[in-house]
Amino acid sequence: MSASPSSSPVMPVASPPEARQAQAVACEPIVLPDGEHFAALVSRELAQSRRFGKGMGVLLIDAWPHPPQGDALAGAALLKLRQAVAARLRARVRGSDVVATLGEQRFGVILMNAGRKEAELVQARLHKALGGPYGVDEHHLYVRLVMGAAAFPEMGASGTELVRGAEAALLRNTGLPLRA
């Protein structure tokens, strides 16, 4: 006798790290409208890290389209490129890490159980992995990458402080002046 969907057994509730890992493996990156929402997500994950006495790293990644020979990309091609960058990013971090898209060109990554050194290593590895060509339609497209990292506890004790620290590092890497 087979069970109908309405009579399926209740699944046990997994602990937050297990649930996060299952979600990360099964789903695409989380879509958030901006850095403020990402900071709230970082704060929730930070509470979990503190509970277990672990470090945490935060990466912000700007991936600006770099069309061939300065041609403008159509909206559909831009969307496909963004999806390809997000998929490659999700595939290059651990299942327990959290990946989010933040607006048009920005991505955020929460590196669980990672300190400053680990965040810097992941940043360098991602720069190589995300910098290669992306096959979109019949074109090979590239993105211009700028990254910034911050780590708990060295660079902040709240989600907002960590995101601001990563954004400041990202802005330093672009060569733009920091905002007050």
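Here are some notes:
- Pairing each residue of the range 131-154 that is touching a residue at least 12 places away in the same chain (Cβ under 8 Å) with any residue that is outside any strand (DSSP E or B) and of a type in the set (S, T, Y), provided the two are 6+ apart or on different chains, yields C-beta distances under 7 Å for V146/T174; F152/S49.
- Failed condition for A91, given (1) of a type in the set (A, V, I, L, M, F, W, C); (2) assigned to a helix (DSSP H, G or I); (3) touching a Lys or Arg at 6+ places or on another chain (Cβ under 8 Å): (3)
- Candidates are the residues of the range 55-67 that are surrounded by fewer than 24 Cβ atoms within 10 Å (Cβ to Cβ) and within 19 Å of the chain's Cα centre (by Cα); the one that is farthest from L145 (Cα to Cα) is G55.
- Picking from residues in the range 88-115 that are within 18 Å of E154 (Cβ to Cβ) and small (G, A, S), the one that is surrounded by the most Cβ atoms within 10 Å (Cβ to Cβ) is A114.
- Residues satisfying the criterion are absent from the range 116-133 (criterion: open to solvent by 10 Å² or more (accessible area, probe 1.4 Å), in contact with a helix residue (DSSP H, G or I) (Cβ under 7 Å, 6 or more places away or on another chain) and outside any helix (DSSP H, G or I)).
- Cβ-Cβ under 7 Å pairs, at least 6 apart or on other chains, the range 88-115 side more than 20 Å from Y142 (Cβ to Cβ), far side of a type in the set (F, W, Y) and part of a helix (DSSP H, G or I): A100/F38; L102/F38; G108/F38
- Yes/no for V58 being of a type outside the set (G, A, S) and either at pLDDT 85 or above or part of a strand (DSSP E or B) (or both): yes
- Condition check for G148: surrounded by 15 or more Cβ atoms within 10 Å (Cβ to Cβ) and either among the small types (G, A, S) or part of a loop (DSSP other than H, G, I, E, B) (or both): yes
- Subset of the range 27-43 [open to solvent by 50 Å² or more (accessible area, probe 1.4 Å) and not in a helix (DSSP H, G or I)]: C27, E28, I30, V31, P33, D34
- For the range 134-145, filtering for residues that are under 18 Å from the mean Cα position of the chain (by Cα) and surrounded by fewer than 16 Cβ atoms within 10 Å (Cβ to Cβ) leaves 1.
The values are calculated or read from the model by the stated rules, or taken from the named source; none is laboratory data. This is a predicted model, so every value here is computed, not measured. For neighbour counting, all protein chains shown are included, and Cβ atoms are generated from backbone atoms with ideal geometry for every residue, glycine included. All accessible areas refer to the heavy atoms of the entire protein, side chains included, with ligands and DNA or RNA removed. Shrake-Rupley method; radii C 1.70, N 1.55, O 1.52, S 1.80 Å.
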